[in-house]
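A short write-up of the structure that comes next.
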Amino acid sequence: MVIKIDFQSDEALYIQLRNQIILGIATSTIQEGDVLPSVRQLADDIGINMHTVNKAYSVLRQEGFLTIDRRKGAIISLDIDKLKAMDELKKNLRVLLAKGRCKNISCQEVHDLVDEIFAEYE
């Protein structure tokens with residue numbers, strides 16, 4: 001698993017880590033049942049604080065992307081609740097689409113962009 005953290009970004013490190021793991025799942029680089037590195041190991045590997053990794057793992061657990069097992073550690077375990085996922089996606093998309101509309105991005109441009117990005121996960 002290759003994690004790319006941009007230390008120059010304004011985005012919080014734990015959010016970057018969370019997003020990288022979600023992208024890994026979406027692109028099948030990380031599979032359901034895979035065990036992620038321990039908090040300490042991942043923090044050492046990418047050069048960030050253990051608490052940052054722990055926060056990312058906690059957020060992923062709350063969002064239904066992984067479970068924490070005392071013996072095995074953090075395990076990719078996808079939440080099957082599609083309706084909950086659709087509601088969350090709709091909430092996030094609403095704001096993103098409003099931003100695009102403010103910048104005069106057309107509906108067709110959004111559709112093309114969604115198709116392009118979605119194709120990356122197939």
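Out of the residues in the range 14-36 that are part of a loop (DSSP other than H, G, I, E, B) and touching a strand residue (DSSP E or B) at 6+ places or on another chain (Cβ under 8 Å), which is surrounded by the most Cβ atoms within 10 Å (Cβ to Cβ)? Walk me through how you get there before you give the answer.
Here is the first cut: in the range 14-36, the ones part of a loop (DSSP other than H, G, I, E, B) are 27-34, 36.
Remaining after also requiring touching a strand residue (DSSP E or B) at 6+ places or on another chain (Cβ under 8 Å): 30-34, 36.
Working: ILE30: 19, GLN31: 10, GLU32: 12, GLY33: 9, ASP34: 15, LEU36: 22.
Top of the filtered list is LEU36.
Within the range 37-57, the set of residues being touching a Phe, Trp or Tyr at 6+ places or on another chain (Cβ under 8 Å) and open to solvent by 40 Å² or more (accessible area, probe 1.4 Å) comprises just one member, LYS55. Restricting attention to the range 1-39, the residues that are touching a residue at least 24 places away in the same chain (Cβ under 8 Å), under 20 Å from ASN54 (Cβ atoms) and of a type in the set (Gly, Ala, Ser) total 1. Name the residues in the range 40-61 that are within 14 Å of the chain's Cα centre (by Cα) and in contact (Cβ under 8 Å) with a residue 24 or more places away in the chain, would you? Answer for the range 40-61, where residues must be within 14 Å of the chain's Cα centre (by Cα) and in contact (Cβ under 8 Å) with a residue 24 or more places away in the chain: VAL53, LYS55, ALA56, VAL59, LEU60. Counting only helices (runs of 4 or more DSSP H) that sit completely within the range 37-122, those holding 2 or more residues that are farther than 26 Å from VAL2 by Cβ correspond to 82-102, 107-119.
Within the range 58-81, restricting attention to residues that are in contact with a Lys or Arg (Cβ under 7 Å, 6 or more places away or on another chain) and among the hydrophobic types (A, V, I, L, M, F, W, C), the residue that is most open to solvent (accessible area, probe 1.4 Å) is ILE68.
Kindly provide the set of residues from the range 85-122 that are in contact (Cβ under 8 Å) with a residue 12 or more places away in the chain and open to solvent by 100 Å² or more (accessible area, probe 1.4 Å), ordered by number. GLU120 - this is the single residue of the range 85-122 that is in contact (Cβ under 8 Å) with a residue 12 or more places away in the chain and open to solvent by 100 Å² or more (accessible area, probe 1.4 Å). Scanning the range 72-87 for residues that are of a type outside the set (Gly, Ala, Ser), more than 13 Å from the chain's Cα centre (by Cα) and under 19 Å from LEU23 (Cβ atoms) returns ILE75, ASP79.
The values are calculated or read from the model by the stated rules, or taken from the named source; none is laboratory data. Note that this is a predicted model, so its numbers are computed, not measured. Glycine also receives a Cβ, built like all others from the backbone with ideal geometry; neighbour counts cover every protein chain displayed. Note: areas computed on protein heavy atoms with side chains; ligands, DNA, RNA excluded. Shrake-Rupley method; radii C 1.70, N 1.55, O 1.52, S 1.80 Å.
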